[in-house]
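The structure appears right after this line, and notes come after that.
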Amino acid sequence: MLPVKVSIVYIVLVGLLTGAAVGLIHMSVGDLAVSQTSATLQQAVVGAEQSAHLEEASLIARAQFVGRSDRLYRSLQGEFVGKAVEGEEGEAEAKPNGADFEGQRHLDADEKLKAQKFHLDDIAKAESSKRAESRSVLAREPHELDMFMVLDEKGKGVAALGKDLYSWFGADVAKQFPEVAEVAKGGEARAAYWMWSFKPGEEKRLYRVAIAPLRRTADEAPAGVVVLGAMVNDGLAKRKRELFGIAPDDESVHLVFYRGDTIVGSTFGSARQLSVAAAMAGGGLTGAEPADITEIVVDGVPYLAVSRPLSTGGTPVGVAAVASITAAKAPMNSLRVDVLLTGVLFILFGVVLLVILIHRYIKPVEDLEDGVQEVIAGNRDYVWKTVSGHELQAGLAQQLNLMSAFLQGKPMPDDDSSGQGWGELMPGQDTKPQAPGQVQGVDLAGLMGARPKGDDGDNG
């Protein structure tokens, strides 16, 4: 029973220590992981917000650059340089009421827009080797624009760069977006977010746009407006996440662009955007005010999320950073598993070691008890054997053998009548046949021989 009890006590002690370690990891390391994730979310959403505002500033600067084009201004005024109008040759001024005025202005403005776009592309290419923060405002992201168009002073479409956009020509943009009319009347350039599509029946997508008046000097009345824009979609969210050093396949932190309760771009992928949108709306993350870190549940998975609005006019547009709590605690879970495995290994190693020690040191002592039971059962000739290297067992075996012989009335080694001393009976020294009734099988190793009779130890 003793080996079993010792093993059980050891297993319980190691189990308690392992459980305490796991509990400590859960309380301290788990909270630390969530705290670090919260800090990462704050940095990501603030960085995305600042980056969006910088891109808006860059869009506005490029729209103003295009809006100061002399040739584009003259084109909208009807001065078609190098074009024949109504049969005339060379440079001439088209008549606003001419039969082909609108069509001619469309073609001419389209050429002038292309020239301005090439000019901006050249500026960006010239500064491509510079670090992003060192580039001029005209050369910063986004380089590729999804919207590049010019409207007249009434807000109607004159020209736009893109494939198969002739059907859009003449559309009343100011009717849908009042800020166009405000800029056309002499207002300052501004940024806005539009739900836009060039073709009727086509799904509208969110664009971040810059609107600038088309005039060569601040004193001139605008001849129209220039609108440049970039689409807000999944690609933008992925680029922004990579900007913060997050790998494309990293599922721990996501960026989400929203418009109202609808997600227009994210790193979650389109399959999960409806679930994410519903969770964010339920957590109050899609409003016009900044939201603190909030826990939301998406398809049964807990997340932490924080949001910042980018535009509060009309339907709110903003960006949110979302992180999986499960992914944040993954290192903690891995550490907890490691601790549990270490505890199991300690238990296995300890039990094996205990078995060896019990067999080596405790089992011989138990054998002494078995011998006592033998003697009690009537086996008076039983002899306890000593185990080398086990001092406790050897000593007890000697004493038990002597005690058994004494109780049986056998002569003791130090009995004067035996004619023999202790030393004469020590194993390996006594070569004489022992007298009948002499102690048999008693291991007396280490005991000193008896002093001769009459020797009081005084040599003097």
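The values are calculated or read from the model by the stated rules, or taken from the named source; none is laboratory data. Small disclaimer: the values here were computed from a predicted structure and weren't measured. Counting neighbours? That spans all protein chains shown, and the Cβs are built from the backbone with ideal geometry, glycine included. Note: areas computed on protein heavy atoms with side chains; ligands, DNA, RNA excluded. Shrake-Rupley method; radii C 1.70, N 1.55, O 1.52, S 1.80 Å.
When region 124-142 is limited to residues that are touching a residue at least 40 places away in the same chain (Cβ under 8 Å) and in a loop (DSSP other than H, G, I, E, B), the one that is least open to solvent (accessible area, probe 1.4 Å) turns out to be 142.
Summed over region 239-262, the residues that are modelled with pLDDT of 90 or more and open to solvent by 20 Å² or more (accessible area, probe 1.4 Å) give a count of 3. Residues of region 178-199 that are assigned to a loop (DSSP other than H, G, I, E, B), touching a residue at least 24 places away in the same chain (Cβ under 8 Å) and closer than 23 Å to residue 264 by Cα: 198, 199.
What are the residues in region 411-421 that are open to solvent by 50 Å² or more (accessible area, probe 1.4 Å) and either modelled with pLDDT of 75 or more or not charged (D, E, K, R) (or both), if any?
Answer for region 411-421, where residues must be open to solvent by 50 Å² or more (accessible area, probe 1.4 Å) and either modelled with pLDDT of 75 or more or not charged (D, E, K, R) (or both): 417, 419.
All of 354, 400 fail the test of being at pLDDT 80 or above, open to solvent by less than 40 Å² (accessible area, probe 1.4 Å) and aliphatic (A, V, I, L, M), apart from 400. One residue stands out in region 315-332 among those that are open to solvent by 10 Å² or more (accessible area, probe 1.4 Å) and assigned to a helix (DSSP H, G or I): the one that is modelled with the lowest pLDDT, namely 331. Among the residues here, residue 335 does not qualify as modelled with pLDDT of 75 or more and out of contact with any Ser or Thr (no Cβ under 8 Å at 6 or more places or on another chain). Looking across region 153-163, the residues that are in contact (Cβ under 8 Å) with a residue 24 or more places away in the chain and either assigned to a strand (DSSP E or B) or open to solvent by 90 Å² or more (accessible area, probe 1.4 Å) (or both) come down to 153, 154, 158, 159, 160.
Residues in region 45-58: is at least one open to solvent by less than 20 Å² (accessible area, probe 1.4 Å), at pLDDT 80 or above and within 30 Å of residue 217 (Cβ to Cβ)? Yes, region 45-58 contains a residue that is open to solvent by less than 20 Å² (accessible area, probe 1.4 Å), at pLDDT 80 or above and within 30 Å of residue 217 (Cβ to Cβ).
Scanning region 243-278 for residues that are in contact with a helix residue (DSSP H, G or I) (Cβ under 9 Å, 6 or more places away or on another chain), hydroxyl-bearing (Ser, Thr, Tyr) and over 18 Å from residue 317 (Cβ atoms) turns up 252, 270.
The rows are residues; the columns are (1) basic (Lys, Arg); (2) within 26 Å of residue 4 (Cβ to Cβ).
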site: 368; (1), (2): no, yes
site: 381; (1), (2): no, no
site: 390; (1), (2): no, yes
site: 397; (1), (2): no, yes
site: 410; (1), (2): yes, no
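This table checks each residue for (1) surrounded by fewer than 20 Cβ atoms within 10 Å (Cβ to Cβ); (2) modelled with pLDDT of 90 or more; (3) within 19 Å of residue 180 (Cβ to Cβ).
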| residue | (1), (2), (3) |
| --- | --- |
| 68 | yes, yes, yes |
| 88 | yes, no, no |
| 100 | yes, no, no |
| 111 | yes, yes, no |
| 115 | yes, yes, no |
| 122 | yes, yes, no |
| 144 | yes, no, no |
| 148 | no, yes, yes |
| 151 | no, yes, yes |
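Taken over region 366-397, residues that are free of Cβ contacts under 8 Å to residues at least 40 places away in the same chain, crowded, with 16+ Cβ neighbours inside 10 Å and assigned to a helix (DSSP H, G or I) amount to 5. When the test is whether a residue is open to solvent by less than 70 Å² (accessible area, probe 1.4 Å), touching a helix residue (DSSP H, G or I) at 6+ places or on another chain (Cβ under 6 Å) and closer than 15 Å to residue 310 by Cβ, residue 210 passes it. Among residues of region 347-358 that are under 8 Å from residue 10 (Cβ atoms), those with a beta-carbon under 8 Å from a residue that is surrounded by 13 or more Cβ atoms within 10 Å (Cβ to Cβ) and small (Gly, Ala, Ser) at least six positions away or on a different chain give the pairs 347/15; 351/7; 354/7. Scoring residue 281 on the criteria (1) among the hydrophobic types (A, V, I, L, M, F, W, C); (2) more than 30 Å from residue 115 (Cβ to Cβ); (3) open to solvent by 10 Å² or more (accessible area, probe 1.4 Å); (4) in contact with a strand residue (DSSP E or B) (Cβ under 7 Å, 6 or more places away or on another chain) leaves a single failure, condition (4).
Consider region 216-234 and keep the residues that are assigned to a loop (DSSP other than H, G, I, E, B) and under 13 Å from residue 186 (Cα atoms). The one that is most open to solvent (accessible area, probe 1.4 Å) is 219. Every test in (1) out of contact with any helix residue (DSSP H, G or I) (no Cβ under 8 Å at 6 or more places or on another chain); (2) outside any helix (DSSP H, G or I) is passed by residue 237 save one, and that test is (2).
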